[in-house]
Amino acid sequence: MAKNVFTEENFAKLEEIIQRYKDTKGALMPVLNDAQKLFGCLPLEVQKKISKGLNIPMAEIYGVVTFYAQFSLEPKGEYTIGVCLGTACYVKGAQKIIDRIKQEINVEVGKTSVDGKYTLEATRCIGACGLAPVLTVNEDVYGRLVESDVPGILEKY
């Protein structure tokens, strides 16, 4: 199981981050970025602390967090598996790839495995249409996939 990052020590560090940017125009994005690096995600508890510290309404913070794909409300796994569902990938069998990954690691799209190792995401086009269907594991890209490729890819991680 993943270790608890929501400690008093990390909330004290968050307070330092807020204080560092508090009087800076456009402070919200850098504070959110640093907070996500610190906690691995931006749950409501963290957003409330930022809201109070920067005197920005919760609705605005939540709107920013849910709008930008780089932010997450839930912890991500050590390995984020992204399966492209752009048109080319979808037509060439991306759904079968997702289904096989779900079966192999017992996780639903948009969720993290119980052991905290994998997060499975369905992504928009990643611009590798010639390699369709494509999946990424963190920064590694795998293309021209068939279902039977999935176990071997996962074994590497």
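Worth pointing out:
- Options Tyr142, Tyr118; residue that is open to solvent by 30 Å² or more (accessible area, probe 1.4 Å) and under 14 Å from Arg100 (Cβ atoms): Tyr142
- Any chance Ala94 is among the hydrophobic types (A, V, I, L, M, F, W, C), modelled with pLDDT of 95 or more and over 20 Å from the mean Cα position of the chain (by Cα): no
- Count of region 97-135 residues, restricted to those that are assigned to a helix (DSSP H, G or I) and within 13 Å of the chain's Cα centre (by Cα), is 0.
- Residue within region 149-157 that is among the basic types (Lys, Arg), over 19 Å from the mean Cα position of the chain (by Cα) and surrounded by 15 or more Cβ atoms within 10 Å (Cβ to Cβ) present: no
- Taken as a whole, the structure leaves Asn10 outside the set of residues that are within 25 Å of Tyr118 (Cβ to Cβ) and either open to solvent by 60 Å² or more (accessible area, probe 1.4 Å) or among the aliphatic types (A, V, I, L, M) (or both).
- Under the condition of being farther than 16 Å from Gly77 by Cα and either in a strand (DSSP E or B) or not charged (D, E, K, R) (or both), the residues counted in region 136-152 number 9.
- Flag if Gln70 is surrounded by 12 or more Cβ atoms within 10 Å (Cβ to Cβ) and among the polar types (S, T, N, Q): no
- Restricting attention to region 22-78, the residues being farther than 27 Å from Gly116 by Cβ, hydroxyl-bearing (Ser, Thr, Tyr) and part of a helix (DSSP H, G or I) number 1.
The values are calculated or read from the model by the stated rules, or taken from the named source; none is laboratory data. Worth saying up front: this structure is predicted, and the values here are computed from it rather than measured. Positions of Cβ are backbone-derived with ideal geometry, glycine not excepted, and every protein chain shown enters the neighbour counts. All accessible areas refer to the heavy atoms of the entire protein, side chains included, with ligands and DNA or RNA removed. Shrake-Rupley method; radii C 1.70, N 1.55, O 1.52, S 1.80 Å.
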